[in-house]
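Below is one structure; the comments refer to it alone.
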Amino acid sequence: MARRARPPWRISHAVKGTELESAIGMVYCTRDILFRICFRAAVLILCLLSAQPSEAQETEDSLTPIHAASDLGDLIGKPIQQVQVVQTGRWRSEALVTSVKIGEPMTGAAARRAAQELLNTGGFSDVQVFVERSGQGVRLRLEAVPRRLIAARRLVGSTLDATELWQTMGLRDGDELTDEKLVQIQKQVQDIHRSRGYPRARVSVQTRDTDARAKVVLIVQVDAGPPLMIADRIFIMPDATWSVLSDVAQRYRVSKADRLDEEALASANVELEEDLRARRYPMARVRHSSVVKDGFGFVYVYVQAGPHLRFRFEGNERFDADQLTDVLDYDKQLDRTAAALTDRLASFYRRYGFLDVEIHAESRGTATDLVNELVFHIREGEIVQVYGKEFPCLRGGPRSVDALLAEVDGVLTNELPGGSLIGSVDPKIVDATLGPKGVTGARPSPLEPDPTRIYDPATYDKVVQHVRDLYRSEGFLSAMVGPVRVLRRTCHRHSPPGQCVPLPLPSRPSSACQFDPRGLPVDDEAPDARLQCRPDRARAITCEPRVWLHIPVKLGPRAMLYDVAFDGNRSIPEADLLEASELDVGQPASNLELEKARRRVIQAYREMGFAYAEVRATLDLSPDHTRARARFIVNESQQVIVDKIIVVGAERTSEPLIIGRVSLKIGQPYRASDVRKTEERIATLGTFSSVAVSLQDAYVPARRKTVVIQVQERLPQYLDIRPGFSTGEGVRIQFEYGHLNIAGEAIRFTLRLRLSYLPDVFILDEDVRNNLDTLPMSRRLERHNTASVLFPEIGLGPLVSLNFDGIDVRSNARDFGLSKNALATTLNIRPFRTLSFGLGGSLERNDVAIFSDQSVIEYLQRPGVTGDLRRLLLAPDGLTLAVAQLATVSWDRRDNPLGATRGTLLGGSVEHVRAFPGEDNPNTKLSDFLRVSGIVSAYLPLNDNGLTLAASMRAGRIIQMMSSSDTYPDRLFFLGGVDSVRGFLRDSVVPQDVAERILQGSPQDPNRLTVNQVAIRGGDVFLNPRLELRIPMTATVHTTLFMDSGNVWVEPEAFEPWKLRYASGSGLRIATPIGPLAFDYGINLDRRSWEDFGAFHFSIGLF
């Protein structure tokens, strides 16, 4: 009779990590070669782990299958003659078994010890134990599967986002790798690519060893192959829906000719579904199906919009339906349930003082209707006002009760409505002022609450948190504030209609102000519920529309910092770390300041090249909490040395050009400041949209690391056409062509052509309109054309660049026209991102013509013009040639040059001009002068909502280098316009010394000076202080209140800084992608007879 084959005996350990599964099965096989007799044994269950408190308990579902077996009692107790470890797979781990001794009797415990010892090394993911007869004893054979941990992951050749791919696979750094796992990863990545539109994708998986033997870098190489494209999309939806949702196809994110990406399609379904729900189709459903035919994909999108939702409000008296609909902000809400919308409305009412508001929602309609209604039933109730705030238990501390009350009121003003500078206009006042004068309908007064007298529980939670954080930042680390206790009286049941006769409170609230023996505050008992009336219509309970607030403040002891300790620092002395932390012993201890100090200490280590340094910070308090020691626990890791620098992403740009701007040095520490400098210097090339400097395999610590400079190049060439309009220039159009990277050396060429025309309808000054009407179209059409070439590298290092400009300008000022042709060169030096210097020179051909007469000299030769008048009005005109040298400096720390909200700007320039008259110019005098100007601006944020105070001071003076020298008209200083004094039109302010001559003249004097005789309204000295308050109204719309002042003088000797012209006004700013659009109207506060009441201005950008 044939014997049945019997399974071998073995001990199998299934493990997860280093945890040994409790199930152990043993299979024993014995083979006698001499007699060729095989015995088959069934499974023998060895005794399980002894149930001791220190050992893990085994569960039934963790046991491996048990096979029937014959009696193996003869193996138990036999000596172990050999322990053999067999490793499978590509890796080898250290495998030395010392817990089982040769000659030791064979037991299940011995087998478990051997398997556990290998698993505890961390180098194996699975161990199976086999027992075989060997002579008079047994041989213990352990088959182990080595593992490695992922140190870093790399995805090569894939067009998919690596982070998204790893997340989809659930693969992280530190995960386990085995041969089987690598095969799974290969299949997963291949399946993902095929589902994402790459049906022919091929994937290979490799690993690379690191300095740490147990860790490897996982490299996934992808050959995606050609993508499967969408040939067409077909949208299927009910006919009744098409009429109102005809734009569904445009809103669907996946388009024709896109890759047939199932994940993108699923995401597009969710986005369209969310878009429909935001448009008040709460039951919208979107799904799709894909069909592949002849190598092309076809997508069918099924859209079921469901009924449209409409809001109705019943019982609302103080707010209309449009206001309440805006409050719901339905399209931006994540939770659009009726309960969430009701809570949003109730919160809105409470913020206006309607503490007792009651709102419930009612849904009307079914899923088959075209329209459903959500009706909000509102009982507004009365406005409940706060009549007093008390701070019991406040003893000592750095601020008085009044100061604390002001702090609380400041938070309330910022958080609650009614604290803004601009409020609603009462329609009754509008009617009384502008009409109608007859009988009108109801005109409810706008609700303008006092935020300091409103009780909103959610806002007062913020108040309590703010006050607590404030005191704890000042050293009162155990300070307790709140909870807020509300005192409100009940109205007598027989109160007259519309009135409340309050009943007395059953008791006065009192805070025990309890502290433990160490002086630390403890919680008070729960307040008496009878102290706060709660309205209940069912029980006919009404409450007084006034509350008193009881806010306990228990400070406890104040902890002072008496010591700063550092543990674990080896490379940086403690004194240097203390200086870097900026902590001062003797000051109040603060967790907030401690966290800031911790970050500064980390930054100090980063600056020394310890890129992997970690710092923890704690405050050790004395038993009585009056003293505190700041302790920093430092794990320095190892200093990172730059081993190699590589550039990634520079396909068109010269790599040596980039490397030449790297501040990091090979063989030197990887310093944080050098990283920032490198990014800034490379970014100044202007050819990259992004620059990032990082370490290769950043999560793998190592002594020497490769630095990766990742750049993303812009398109090398562009053509930009920009139409525009401003009150100063009129209608304009600009053409700009640029090449950002000539020859791969980041050499930039820019050609700008700008034409502008100011129609008569936009010219408010009659004199200016008459002057411009005398010009032919070729001279009235203003132009500003430039051709520039910038060399970012000229052999003087990465901080120096050279710029060449060709300029062709036709500009019409108020009283004269200028035609200029020039060649200019500028040497730019930028040692830091915020600091720049410029040195330049230019050759200019200028042609200046006065509009009123042929020339200034001819005008001044008229009868009756005095010598003083000549001195005031004389300026070089006609054709002249000029040589100019210019030096500039700018320190710009603004957060946004076009609309700053914080920071400062300091700038200055000195220009030397020497001009020679042309051959046909009757003006034969030379001009030789210095033009000095400067600006100081500061921007101060007043709160976190965008309220900003902006201040600016500009000044300048022209210094004549020769007694007979006159200033060029285009180098004179002018005032008036959007960038100086907004109560005047551009360049229209008459110099102060000229204006005084006009005002002093007698009307009967035929030789007196009139404003019409002032040919050029510019001077050699000017002063221009400005102040502006920028007030946010919405996220994109701001208003402003401004005060501009300034003046200009022809003669420097006549300069009187206290004689200024003033203009005040308001404006509107609208944020756009190209910068804020500014609309301003300024009022001339001290008008002269020839001046307008004010002026309107439009511009892009703010000062």
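The values are calculated or read from the model by the stated rules, or taken from the named source; none is laboratory data. On a predicted model such as this, the values are computed, not experimentally measured, just so you know. When we count neighbours, we look across all protein chains shown, and the Cβ atoms used for this are built from the backbone with ideal geometry, even at glycine.
Annotations
- Residue match in region 301-316 (condition: within 20 Å of Ala340 (Cα to Cα) and acidic (Asp, Glu)): yes
- Any chance Arg1030 is modelled with pLDDT of 90 or more, crowded, with 21+ Cβ neighbours inside 10 Å and either in contact with a Ser or Thr (Cβ under 6 Å, 6 or more places away or on another chain) or assigned to a loop (DSSP other than H, G, I, E, B) (or both): yes
- Among the residues here, Val994 does not qualify as over 31 Å from the mean Cα position of the chain (by Cα), of a type in the set (Val, Ile, Thr) and assigned to a strand (DSSP E or B).
- Counting the residues of region 735-767 that are closer than 15 Å to Arg810 by Cα and within 32 Å of the chain's Cα centre (by Cα) gives 0.
- Residue check for Arg253: charged (D, E, K, R) and under 25 Å from Thr159 (Cβ atoms): yes
- Unique match (being on the phi < 0 side of the Ramachandran plot and either at pLDDT 95 or above or crowded, with 16+ Cβ neighbours inside 10 Å (or both)) among Glu636, Glu651, Glu655: Glu636
- Just one of the numbered conditions (1) of a type outside the set (Phe, Trp, Tyr); (2) in contact with a Pro (Cβ under 7 Å, 6 or more places away or on another chain); (3) part of a loop (DSSP other than H, G, I, E, B) is not true of Arg530: (3).
- Residue list for region 109-118, restricted to those being surrounded by fewer than 21 Cβ atoms within 10 Å (Cβ to Cβ) and either among the hydroxyl-bearing types (Ser, Thr, Tyr) or within 15 Å of Pro146 (Cα to Cα) (or both): Gln116, Glu117
- Top-ranked residue in region 283-305 [being surrounded by 20 or more Cβ atoms within 10 Å (Cβ to Cβ) and either out of contact with any His (no Cβ under 8 Å at 6 or more places or on another chain) or among the polar types (S, T, N, Q) (or both); ranked as modelled with the lowest pLDDT]: Ala305
- Meets criteria (outside any helix (DSSP H, G or I), within 24 Å of Ile602 (Cβ to Cβ) and not hydroxyl-bearing (Ser, Thr, Tyr)) for Asp624: no
- With respect to being assigned by TED's automatic domain parsing to the domain that holds Ser937, farther than 18 Å from Met953 by Cβ and among the aliphatic types (A, V, I, L, M), Ala1035 fits the description.
- Region 369-406: number of residues that are of a type in the set (Asp, Glu) and over 30 Å from Gln304 (Cα atoms): 4
- Residue pairs whose Cβ atoms lie under 6 Å apart, sitting 6 or more positions apart in sequence or on different chains, and linking a residue in region 202-214 that is assigned by TED's automatic domain parsing to the domain that holds Gln188 and among the charged types (D, E, K, R) to a partner that is surrounded by 16 or more Cβ atoms within 10 Å (Cβ to Cβ) and not in a strand (DSSP E or B), are Asp211/Ala702.
- From the options Leu341, Leu324, residue that is touching a Phe, Trp or Tyr at 6+ places or on another chain (Cβ under 6 Å), modelled with pLDDT of 90 or more and outside the structural domain of Ser255 (by TED's automatic domain parsing): Leu324
- A search for C-beta distances below 8 Å between a residue of region 940-955 that is assigned by TED's automatic domain parsing to the domain that holds Thr1039 and within 19 Å of Leu1060 (Cβ to Cβ) and any residue that is at pLDDT 90 or above and in a loop (DSSP other than H, G, I, E, B), counting only pairs 6+ apart in sequence or on different chains, returns Arg954/Ser980.
Let's see how each residue does on (1) within 29 Å of Gly586 (Cβ to Cβ); (2) assigned to a loop (DSSP other than H, G, I, E, B); (3) in contact (Cβ under 8 Å) with a residue 60 or more places away in the chain:
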| site | (1), (2), (3) |
| --- | --- |
| Gln499 | no, yes, no |
| Ser507 | no, yes, no |
| Arg518 | yes, yes, yes |
| Leu561 | yes, no, yes |
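- Filter result for Val254 (surrounded by 14 or more Cβ atoms within 10 Å (Cβ to Cβ) and either part of a strand (DSSP E or B) or free of Cβ contacts under 8 Å to residues at least 12 places away in the same chain (or both)): no
- Residue in region 901-913 that is surrounded by 21 or more Cβ atoms within 10 Å (Cβ to Cβ) and outside any strand (DSSP E or B) present: no
- Looking only at region 119-133, residues that are among the hydroxyl-bearing types (Ser, Thr, Tyr) and either in the same structural domain as Asp209 (by TED's automatic domain parsing) or buried (at least 16 other Cβ atoms within 10 Å of the Cβ) (or both) come to 1 in all.
- Residues in region 356-404 that are in a loop (DSSP other than H, G, I, E, B), closer than 26 Å to Asp456 by Cα and touching a residue at least 12 places away in the same chain (Cβ under 8 Å): 11 in all.
- Inside region 806-835, residues that are over 27 Å from Asp987 (Cα atoms), surrounded by fewer than 18 Cβ atoms within 10 Å (Cβ to Cβ) and at pLDDT 85 or above make up a count of 5.
- Residue count for region 295-338 under the criterion of being under 30 Å from Asp232 (Cα atoms), of a type outside the set (A, V, I, L, M) and in a strand (DSSP E or B): the result is 7.
- Meets criteria (surrounded by 13 or more Cβ atoms within 10 Å (Cβ to Cβ) and under 21 Å from Glu474 (Cα atoms)) for Leu549: no
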